[in-house]
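Trainee: My questions will all concern the structure given below.
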Amino acid sequence: MDVPWRSLFTFTISPMELIVRGTLVYWFIFILLRLGGRRDVGSLGLANILLLVLIADAAQNAMASDYKSVSEGMVLIGTLVFWSVAVDRVCYFVPAVRKLLAPNRVCLVRDGVILHRAMRKEYITRQELMSELRLKGIENLTEVRRAYIEEDGDISALTFPKDS
């Protein structure tokens, strides 16, 4: 069997077109997911994985225009990885940009009192919050000085000092 090795690395689509397509789709999905909020509460559930797989499948043709060579796939993957790394670096070095591209932490509990508006904004139920607090060894809201949903969707808690 004669394998056309050269066709594996020959571009059928301009590398610049692949870069532009990858960039456009990356930013479209990034903004769409950013506007959708962080609903995951510190875990990657089955629904999140399914969403990522479906997005990847739907975005493939928009990005690639039916590419056929390994080189084209490598350019496309390189473009996506570039933007992912670039967003992280820019957010790190330019705090003003971070406010636009990365979600801020949101206070959910203040001095043992649930902040219902914040809970609604993040679509977190009392049961979900309490479950996360129990995982951190906190059984009662009166122990919590502050609880936040962090940028990554995890919930952090600061407790009142224990009396000795």
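The values are calculated or read from the model by the stated rules, or taken from the named source; none is laboratory data. Remember, predicted model here, so these are calculated numbers, not experimental data. Virtual Cβ from ideal backbone geometry, glycine too; neighbours counted across all protein chains shown.
Trainee: Which residues, counting only those in region 144-164, are farther than 24 Å from Leu33 by Cβ and at pLDDT below 95?
Mentor: Passing the criteria: Phe160, Pro161, Lys162, Asp163, Ser164.
Trainee: Let me ask something additional. Scan region 138-159 for residues that are surrounded by fewer than 13 Cβ atoms within 10 Å (Cβ to Cβ) and farther than 15 Å from Gly112 by Cβ and jot them down.
Mentor: Asp152
Trainee: Select from region 61-76 the residues that are under 15 Å from Glu17 (Cβ atoms), assigned to a helix (DSSP H, G or I) and modelled with pLDDT under 80 and list them in ascending order.
Mentor: Listed by number, the residues that qualify are Asn61, Ala62, Met63, Ala64, Ser71, Glu72, Gly73, Met74, Leu76.
Trainee: Looking only at region 6-24, count every residue that is among the basic types (Lys, Arg) and over 21 Å from Ala56 (Cβ atoms) and tell me the total.
Mentor: Number of matching residues: 1.
Trainee: Let me ask another. Consider region 77-96. How many of its residues are over 24 Å from Arg21 (Cβ atoms) and β-branched (Val, Ile, Thr)?
Mentor: Residues in region 77-96 being over 24 Å from Arg21 (Cβ atoms) and β-branched (Val, Ile, Thr): 1 in total.
Trainee: State yes or no: is Arg34 at pLDDT below 80, in a helix (DSSP H, G or I) and among the charged types (D, E, K, R)?
Mentor: yes
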